[in-house]
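The values are calculated or read from the model by the stated rules, or taken from the named source; none is laboratory data. Source: prediction; values computed, not measured. Neighbour counts are summed over all protein chains in view; Cβ atoms, including those assigned to glycine, are modelled from backbone coordinates with ideal geometry.
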Amino acid sequence: MVLFELQNVSKHFGGLQVVKDLSLAVEKNEIVSLIGPNGAGKTTVLNLITGLYKPDAGKILFDGRPLSGMDVHQITRLGIARTFQNLRLFLNMSIIENVMSAAYSRTSANWFQIIARTGGFWKEEQRIRQLAEQKLAFFGERLVGYRYDQPAYSLSYANRRRLEIARAMMTEPKLLLLDEPAAGMNPKETQEITHLIGRLRDELDLTIILIEHDMGVVGGISDRVIALDHGEKIAEGNFDAVATDPLVIEAYLGRNENMVRK
């Protein structure tokens, strides 16, 4: 079953074509990795999916529904969440507050209950906190217990990455977009995040689109890999097929001069 689809999507900024006539489909519960050199258009694709950018042409469909014209919060409510290459945590807020903050777009408390701090508001606040604790428990002991009230800036880089994923999970997504989740991690942390991504799919029934430069992560977790270059799809298939594709090798390493002379 296809959960998400791009149909001939294009995007340019001024005279620069960033995504060109891109089509792809993602099945429910798939983990699909987008790879390509810097400037290939990978993050732009995520920005188009989440409504940060509007496509110049083409259609974006989620669960059979077109996303064109929707704002970011509307797309989030449909069931699409993301993390960012550059972490966007509230560093001076506590760990639990960071996760709870993602749920307020779905709160049932009205403006009067919030301002007056009524019993209904506190009941809703407690519900959101309990849900946040459930999401953090997914990560084991790293983000629970006494850590709830610690500021986010006190966390290691790897745990900040986990916290951002926990905050995305708080929106109850069906489709999770991860932008370089292993960036800046050491080999042990990279292995752990690879295992975590697999658990997100297997235990939480999520579909995942992943941008990642670490080919160990991509090869270890992807059901399918799509390679982009200058905003165009140049290869698609399993990891081994894409990693050995001549167009992909050329995109990463440059054209072989001997081949050019021939």
Inset, instruction - Scan segment 11-50 for residues that are without any contact (Cβ under 8 Å) to a residue 24 or more places away in the chain and not aliphatic (A, V, I, L, M) and jot them down. - result: Phe13, Gly14, Gly15, Asn38, Asn47
Inset, instruction - Output yes when any residue across segment 93-104 is at pLDDT below 80 and not in a loop (DSSP other than H, G, I, E, B), and no when none is. - result: yes
Inset, instruction - Considering every residue within segment 53-75, establish whether at least one is under 15 Å from the mean Cα position of the chain (by Cα), of a type outside the set (A, V, I, L, M) and part of a loop (DSSP other than H, G, I, E, B). - result: no
Legend entry - Residue in segment 1-52 that is surrounded by the fewest Cβ atoms within 10 Å (Cβ to Cβ), counting only those that are touching a helix residue (DSSP H, G or I) at 6+ places or on another chain (Cβ under 7 Å) and part of a loop (DSSP other than H, G, I, E, B): Leu52
Inset, instruction - Would you confirm whether any residue within segment 149-171 is under 17 Å from the mean Cα position of the chain (by Cα) and not in a helix (DSSP H, G or I)? - result: yes
